[in-house]
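Here is the structure we will look at, set down as structure tokens.
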Amino acid sequence: MAAPFEGILETALYVDDLDAAEAFYGSVLGLEKISRAGNRHVFFRCGPGVLLIFNPVETLTPPLPHGTQGPGHMCFRVAAGDLDAWKKKLSEAGIAIESEVIWPSGARSFYFRDPAGNSLECAEARLWNID
């Protein structure tokens, strides 16, 4: 029997404009860029994981088909004490906060969009009972 998964190693989102994505995730959100391959993808480090940003048109062909179409969703793990600072940073960058939620666990989160329309969330880890 296989051991349980240790966690999520990578998350992928799809965008039509890699330059806008690179500026948003690198400059606005402050993620460290790992690499970029032309108009195919740009990869960022995010804590212990990796965020993969792909141009869906470029991922439909071999050697590594990796595509989908339409907006996706991902959630950034944020310390409870840092949620308000992130809302302020995004607001100052002209990014609208779409909604704020207090979940049944008491965890807080909020939602916003990247330039491609992907739904992004910042949440406390206790949302999923993670320490």
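The values are calculated or read from the model by the stated rules, or taken from the named source; none is laboratory data. From a predicted model like this one, the values you see are computed outputs, not experimental measurements. Don't worry about glycine lacking a Cβ; one is built from the backbone with ideal geometry, like all the others, and counts go over all protein chains shown.
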* Confirm whether Gly30 is within 15 Å of Phe76 (Cα to Cα), at pLDDT 95 or above and surrounded by 12 or more Cβ atoms within 10 Å (Cβ to Cβ). => no
* Output the residues belonging to segment 119-131 that are crowded, with 19+ Cβ neighbours inside 10 Å and not in a strand (DSSP E or B). => Glu124
* Residue selected from segment 63-74 under the condition assigned to a loop (DSSP other than H, G, I, E, B) and either among the acidic types (Asp, Glu) or modelled with pLDDT of 70 or more (or both), by the criterion surrounded by the most Cβ atoms within 10 Å (Cβ to Cβ) -> Gly72
* Only one residue in Gly81, Gly106, Gly94 is in a helix (DSSP H, G or I) and not assigned by TED's automatic domain parsing to the domain that holds Asp16, so which one is that? -> Gly81
* Which numbered condition Asp16 fails, given (1) acidic (Asp, Glu); (2) over 29 Å from Glu6 (Cβ atoms); (3) not in a loop (DSSP other than H, G, I, E, B) -> (3)
* To do: Could you please find all residues in segment 24-42 being among the charged types (D, E, K, R) and assigned to a strand (DSSP E or B)?
  => Glu32, Lys33, Arg36
* **Sole exception among (1) surrounded by 12 or more Cβ atoms within 10 Å (Cβ to Cβ); (2) under 17 Å from the mean Cα position of the chain (by Cα) for Ala37, by number** => (2)
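Matching residues to (1) within 24 Å of Leu18 (Cα to Cα); (2) under 16 Å from the mean Cα position of the chain (by Cα); (3) in contact (Cβ under 8 Å) with a residue 60 or more places away in the chain:
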{"site": "His41", "(1), (2), (3)": "yes, yes, no"}
{"site": "Gly49", "(1), (2), (3)": "yes, yes, no"}
{"site": "Leu52", "(1), (2), (3)": "yes, yes, no"}
{"site": "Val57", "(1), (2), (3)": "yes, no, no"}
{"site": "Gly81", "(1), (2), (3)": "no, no, no"}
{"site": "Leu90", "(1), (2), (3)": "yes, yes, yes"}
{"site": "Ile102", "(1), (2), (3)": "no, no, no"}
{"site": "Ala123", "(1), (2), (3)": "no, yes, no"}
{"site": "Ile130", "(1), (2), (3)": "no, no, no"}
* Structure fact -> Per the list (1) outside any loop (DSSP other than H, G, I, E, B); (2) assigned by TED's automatic domain parsing to the domain that holds Leu127; (3) surrounded by 12 or more Cβ atoms within 10 Å (Cβ to Cβ), residue check on Leu51 breaks on (2)
* **Residue among Phe76, Phe43 that alone is among the aromatic types (Phe, Trp, Tyr) and in the same structural domain as Trp128 (by TED's automatic domain parsing)** => Phe76
* Asked: Within segment 10-24, can one find any residue that is surrounded by fewer than 16 Cβ atoms within 10 Å (Cβ to Cβ), of a type in the set (Asp, Glu) and under 18 Å from Ala123 (Cβ atoms)?
  -> no
